[in-house]
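Comments concern the structure below.
The values are calculated or read from the model by the stated rules, or taken from the named source; none is laboratory data. Bear in mind the structure is a predicted one, so any value in this text is a computation, not a measurement. Note that each Cβ is placed from the backbone with ideal geometry, even for glycine, and that neighbours are counted across all protein chains shown.
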Amino acid sequence: MARPVRFNIHPRETDLPGHISMVGAPEGYTGDGFFTTRLSDVVGLARKNSIWPLPFATSCCGIEFMATMGAHYDLARFGSERVAFTPRQCDLLMVMGTIAKKMAPVLKQVYLQMAEPRWVLAMGACASSGGIFDTYSVLQGIDQIIPVDVYVPGCPPRPEAVLDGIMNVQKLVGKESIRRRNSERYRELMLSYGIQ
Ligand code: SF4
């Protein structure tokens, strides 16, 4: 029996050949033949729409992330389809799953191998707080060893929640000053985690 065609009878404008979607320009001044804005905003616009995630998945939450990468939820829409497994090429560490205390130094080393600027998303109850595993062997939240930018609640979080977390990371990235990583406050934050 032929498969019913349901999704392409009334294509949306963005699905039509030749149509290109554009992100909005940052705030600035426009005139005849010129546009001025802040360098931070331009860098933020580029960074937030080309985040490369590193999935550090140890258990069930990782499966939910796989669904987020699939065609239905399609993380590629956010410019983040380039998932890599080398920390040196990534700028968003996504930690999903239970992190045993034995695994903690490995996770920290992965974080240290990422170049600045880097961001961290804790996906699910286990990565955020240890979840139901309130036990001697499980790290009670990855923020005990590395700084976290966005927490995604749930056990496991649905792909929509993961997308919401990514969009919150995008907001942070887009608004971050290019000087933040050189600031005294940031240095103090790193020192509080024993990172020089
Ligand atoms: S938060 Fe729940 S679904 Fe996610 S890794 Fe922990 S137990 Fe599994």
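For the stretch 7-113, the helices (runs of 4 or more DSSP H) that sit wholly inside it and include 1 or more residues that are at pLDDT 90 or above and among the basic types (Lys, Arg) are 39-48, 104-113. Taking residues in the stretch 102-115 that are over 14 Å from Gln144 (Cβ atoms), and partners anywhere that are exposed (fewer than 13 other Cβ atoms within 10 Å of the Cβ) and of a type in the set (D, E, K, R), the pairs with Cβ atoms closer than 8 Å and at least 6 places apart or on different chains are Gln113/Arg88; Met114/Arg88; Ala115/Arg88.
Looking across the stretch 125-157, the residues that are within 12 Å of the ligand (Cβ to nearest atom) and within 15 Å of the chain's Cα centre (by Cα) come down to Ala127, Ser128, Tyr151, Val152, Pro153, Pro157.
Can you tell me which of Val106, Val110, Val95 is surrounded by fewer than 22 Cβ atoms within 10 Å (Cβ to Cβ), touching a strand residue (DSSP E or B) at 6+ places or on another chain (Cβ under 7 Å) and within 25 Å of Arg187 (Cα to Cα)?
Matching residue, one of Val106, Val110, Val95: Val110.
State all residues of the stretch 114-124 that are within 16 Å of the ligand (Cβ to nearest atom) and either over 19 Å from Asn168 (Cβ atoms) or assigned to a helix (DSSP H, G or I) (or both); if no residue qualifies, say none. Listed by number, the list holds a single entry, Gly124. Residues in the stretch 159-188 that are over 20 Å from Ala46 (Cβ atoms) and surrounded by 12 or more Cβ atoms within 10 Å (Cβ to Cβ): Pro159, Ala161, Val162, Leu163, Asp164, Gly165, Tyr186, Arg187.
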